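Here, each number is a calculation from the coordinates, and none is a lab measurement. Just so we're clear, the structure is a prediction, and the values are computed from it rather than from any experiment. Here Cβ is always computed from backbone atoms with ideal geometry, including for glycine, and neighbour counts include all displayed protein chains.
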Amino acid sequence: MKNETIVLLDFGAQYNQLIARRVREANVYCELLPWNSDIEKIKALEPKGIILTGGPASVYAPDAPLPDKAVFSLGVPVLGICYGMQSMCHVLGGKIAKAEKREYGKKDIVLKPSPLFLGPETKTTCWMSHTDQVETAPAGFVSAARTETCPNAAVMDTERRFFGVQFHPEVEHTPFGGDMLRRFLYDICGCSGDWHVGGFVKECVASLREELKGHKVLCALSGGVDSSVAAVLTHKAIGKDLTCVFLDHGLLRRDEGDQVEAVFRKDFDMELVRVNCEERFLQKLAGVREPEEKRKIIGAEFINVFEEEAKRLGRCDILIQGTIYPDVIESGGPSAQVIKSHHNVGGLPEVMDFKAVVEPLRNLFKDEVRAVGLELGIPEFLVNRQPFPGPGLAVRVIGEITAEKLRILKDADAIFRAELEENGAAKAIDQYFAVLTDMRSVGVMGDGRTYDYLLALRAVTTTDFMTADWADIPHDLLRKISNRITNEVDHINRVVYDITQKPPATIEWE
Ligand code: XMP
């Protein structure tokens, strides 16, 4: 059964995935497509409504991305947000102009009675970020909200069911934004809210059972949430016809390999092959100091080992991958510069001889993957794990990697994490870990001189990992952590706390 679908056309604003998540949170399935998607492709999805997202352009710029007029002849409601509203009004014959004053941040707004806002005229606040605005709305439209400097803060043509809002309903600073989106989805587009995690699990398992019937299937398990959920879904569908390969490259956190193995082998009774190849990875990485080179070596070696295992197992013709929706969305905006090449197993199918690659999670956002994981009974510590880089501790041992440095880092990192978790401080932090620097400094222990490693602690708060702030850990707790590490972990005689935001720093040190 196909879910009711809303199509979002992406005009390139940074927070467009957030709009999509808000729609999904309202139990309506949606897809984010590039702004210039073929109209036939849009029609094929049989959308109940269209949302035009924000974007950085101005409609009068020479190459401005503008919606295809055919979008407005589909007979379905359209909601334009920020640039999406301006481009809709421009295409339908309205006039867009530079506002006298750029409106940015929290603004007072008056909402007029309308299908989007309901109720009597209401004064409230919203989040604005725009320079251009709709000066004259197209024929058939009336204003539905105003701010001090923006008379058309929202516009509507209720006959054709076209709506535009200049503010951002998707962000928390627009308190009525969630209700407004729900009204658009339910009252205006007529959605019934048929997108639920439970329903997804049932349908996904049934369709995997059908699709994979008669095949032997392989899954590369990393212990991360995406591959874990993909594996458990597939296991539910085909049981022992799925073999999971868990490659332990020795760059995982302390005890992590054993925990992952216990969950999948004992709790889920899966066919699991654990490949312990720490030495092999250490040999490949010996003498390598440069972070990007480390990433490349690990990525390539991961494929080598996996390929060997697949050959050894010899009978699998389908590969399961935990690709999720943000990995497949083609953005409407210009592609970003690569700061770090994030290693994952995305390269596998190209070099391997599988008949097909199946990606059961390719339509889900991360928070939905987590909800599916909990629904499937995967333990919380796996489902709600903070992100962990594919190259693992290799990018947290600065400079050359040795078995000893890895051991030191694992022990120190385990103390840091345990202290934050036991004290409840971890709840307010999105990612935290230790970094073993390549620097040594002089210390004193008992009556003797030491010359040992400097350990850095990193803990950040962030919503999207694109920007981040350092976390405010209580000083007493930092003191306790530092004391424990220097007392309990040999070869660390100094601990520092990283107080740098991203940007200019990145979250990881390499
Ligand atoms: P940065 O360091 O770029 O990190 O601020 C942003 C987020 O990405 C994670 N990260 C990686 N993840 N492979 C991954 O799968 C990598 O090579 C990698 N490098 C960084 C990082 O942990 C943070 O969550």
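Can you sort Ser87, Ser482, Ser58 by how many other beta carbons sit within 10 Å, fewest first?
In order of increasing Cβ crowding within 10 Å: Ser58, Ser482, Ser87.
Evaluate the charge dipole of the chain about its Cα centre and quote only its size in Debye, nearest 20, assuming +1 on the Cβ of each Lys and Arg and -1 on the Cβ of each Asp and Glu.
500
For Glu121 paired with Val142, estimate the spin-label separation in nm (one decimal), with each label point 7 Å from Cα along the Cα-to-Cβ line.
According to this spin-label approximation, the distance is 1.3 nm.
Can you list the residues, at least 5 places off or on another chain, whose amide H is less than 5 Å from the amide H of Gln431, using H built in the peptide plane?
Val460
Give me the extension gain from Lys366 to Asp447: residue separation times 0.36 nm, minus the current Cα-Cα distance, reported in nm with one decimal.
This chain segment gains 23.9 nm when fully extended.
Divide by every residue of the chain the summed helix terms, -39500 (n - 2.57) for each DSSP H run of at least 4, and state the resulting mean residue ellipticity at 222 nm, rounded to the nearest 500 deg cm²/dmol.
So the helix-based figure for the chain works out to -9000 deg cm²/dmol.
In terms of modelled amide H atoms, which long-range or inter-chain residues lie less than 5 Å from the amide H of Thr125?
Excluding prolines and chain starts, which carry no amide H, the hits are Ile109.
Using r as the Cβ-Cβ distance of Arg479 and Val273, and R0 as 41 Å, what FRET efficiency do you calculate, to the nearest 0.05?
0.40
Between Ser73 and Gln14, what length in nm is gained on full extension when 0.36 nm per residue of separation is reduced by their alpha carbon distance?
18.4 nm
What distance in nm separates the two pseudo spin-label positions at Ser192 and Arg160, each 7 Å out from Cα along the beta-carbon direction?
Going from the Ser192 label point to the Arg160 one covers 3.0 nm.
So how far apart, in nm, are the two label points at Ala44 and Asp469 if each is 7 Å from Cα heading toward Cβ?
Each label point is offset 7 Å from its Cα along the Cβ direction, giving 4.5 nm.
Distance from the Cα centre of region 393-413 to that of region 434-477, in angstrom?
If you average the Cα positions of each part, the centres end up 13 Å apart.
What is the sum of charges, Lys and Arg at +1 and Asp and Glu at -1, for the other residues whose Cβ falls under 12 Å from the Cβ of Val110?
Its environment carries a net charge of +1.
Would you mind ranking Asp157, Asp476, Asp187 by Cβ crowding within 10 Å, fewest neighbours first?
Least to most surrounded, the residues fall as Asp476, Asp187, Asp157.
Applying a 10 Å radius around every beta-carbon, put 275-282, 431-438 in order of their mean neighbour count, most first.
Ranking the peptides 275-282, 431-438 by packing returns 431-438, 275-282.
What net charge do the residues around Arg265 carry, taking every other residue with its C-beta under 10 Å from that of Arg265, with Lys and Arg at +1 and Asp and Glu at -1?
Result for the local shell: -2.
For region 402-497, what is the per residue volume of the convex hull drawn over the alpha-carbon atoms, in cubic angstrom?
105
May I ask you to list the lysines whose Cα is less than 24 Å away from that of Lys2, ignoring any residue fewer than eight positions away on the same chain?
Counting by Cα, and skipping residues close in sequence, Lys2 has these lysines nearby: Lys41, Lys43, Lys48, Lys202, Lys213, Lys236, Lys366.
How big is the shadow of the Cα convex hull of the chain, averaged over all directions, in nm²?
Averaged projected area of the chain's Cα convex hull equals 26.9 nm².
If I require 18 Å or longer along the helix axis, counting alpha carbons, and a Kyte-Doolittle average no lower than -1.0, what helices from the chain are left? Use full DSSP H segments.
197-211, 225-238, 291-313, 403-422
Using R₀ = 22 Å, calculate the FRET efficiency as 1/(1 + (r/R₀)^6) where r is the Cβ-Cβ separation of Glu421 and Gln501; round to 0.05.
0.40
Tell me which aspartates and glutamates have Cα within less than 18 Å of Lys296's Cα, excluding those fewer than 8 residues away on the same chain?
Cross-link targets: Asp248, Glu278, Glu279, Glu307, Glu350, Glu400, Glu508, Glu510.
Along region 240-248, what does the Karplus equation 6.51 cos²θ - 1.76 cosθ + 1.60 (θ = phi - 60°) give for ³J(HN,Hα), rounded to whole Hz, x for Gly and Pro?
Working through the residues one at a time gives 6, 6, 9, 10, 9, 10, 10, 8, 9 Hz.
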